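Comments concern the structure below.
The values are calculated or read from the model by the stated rules, or taken from the named source; none is laboratory data. Note that this is a predicted model, so its numbers are computed, not measured. Positions of Cβ are generated from backbone atoms using ideal geometry, with glycine treated the same way; all protein chains shown enter the neighbour counts.
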Amino acid sequence: MRSNDRKILIGKLGKPHGVKGYLYLHYYGDDLSVLDSYESLSLKNSESLSIEKMFTKGDRLIIKFNEFNDRDSVEFLRNKELFILEGDLPALEDGETYLYQLEGMIVKNLENQVLGKVKGMFGTKSNEVLIVESSYESIDDKERLLPYVKPDVVKDVDLVNKIITVEWLESY
C-alpha cells in the first residue's frame, strides 16, 4: 500500500555547476525521463523544489531548480539528499516492485530457512545486491550479499507477507 507522505530517496545533489544555479545530481534511478514527471522534489527538511531544466554532460546529470538562480544560492544544497513522495511514483505492472519496498523483508531460501532480513542494497554494473542481515529468526549470525536476479536467485517477492524467497543455500 502506498503512502502519500512517505519520502523516497532518489538521489544526492553535488557541487554547483557554472554560475546560474545549476548543480550536479547523482540520480539513483535508471530512467532520467521520469524526473520530469514528478510534481515536486524535496529535501529532507521538506523544502519543496521544482525542476526548471536538466541535461547530461558526459555521464553526469546537471539540474536547475526554479527556486535558485545563481551559484551562491545553490551552494547550501551541496551533498543534500533529494526525495519524492511515494504517492508520486509511477504505477508498476503486476509483479514489479520498487527496491525500497524490499527493505526490512524476511529472506527465506527454498528449504524454508530464514536467512535474515533485508538491511539495504547497492547496485553493481550487472544487477542490484541485497544486504541481508541476521535476525532473531535466522539460521545463523551471518550477513549475506545476495544478487537480486530474477528468476535465477530471487524466486518470489511477497509484498503482503513481506517475504522474499530465494534459491540460496545456507552454506553460501
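Descriptive notes on the structure:
- Residues within the range 115-146 that are under 22 Å from the mean Cα position of the chain (by Cα) and either aromatic (Phe, Trp, Tyr) or outside the structural domain of Lys162 (by TED's automatic domain parsing) (or both), tallied: 1
- Any hit, the range 87-102, residues being touching a Ser or Thr at 6+ places or on another chain (Cβ under 6 Å) and not aromatic (Phe, Trp, Tyr): no
- Among residues of the range 145-172 that are free of Cβ contacts under 8 Å to residues at least 60 places away in the same chain and over 13 Å from Asn112 (Cβ atoms), those with a Cβ under 7 angstrom from a residue that is assigned to a loop (DSSP other than H, G, I, E, B) and of a type in the set (A, V, I, L, M), sequence gap 6+ or separate chain, pair up as Leu146/Val153; Pro147/Val153; Lys162/Met105.
- Matching residues, the range 115-143, being buried (at least 18 other Cβ atoms within 10 Å of the Cβ), farther than 28 Å from Glu93 by Cβ and not hydroxyl-bearing (Ser, Thr, Tyr): Gly116
- Arg78 vs. criteria touching a residue at least 24 places away in the same chain (Cβ under 8 Å), among the basic types (Lys, Arg) and either surrounded by fewer than 16 Cβ atoms within 10 Å (Cβ to Cβ) or under 28 Å from Lys20 (Cβ atoms) (or both): yes
- Residue ID - nearest to Leu32 (Cα to Cα), chosen from residues in the range 83-108 that are touching a helix residue (DSSP H, G or I) at 6+ places or on another chain (Cβ under 9 Å) and either of a type in the set (Lys, Arg) or free of Cβ contacts under 8 Å to residues at least 60 places away in the same chain (or both): Pro90
- Criterion violated by Glu170 - all others in (1) within 27 Å of Lys7 (Cα to Cα); (2) part of a loop (DSSP other than H, G, I, E, B) satisfied: (1)
- In the range 23-37, residue modelled with the lowest pLDDT [restricted to those that are surrounded by 16 or more Cβ atoms within 10 Å (Cβ to Cβ) and within 22 Å of Tyr100 (Cβ to Cβ)]: Leu35
- Candidates are the residues of the range 21-39 that are without any contact (Cβ under 8 Å) to a residue 12 or more places away in the chain and not in a helix (DSSP H, G or I); the one that is nearest to Glu52 (Cα to Cα) is Asp31.
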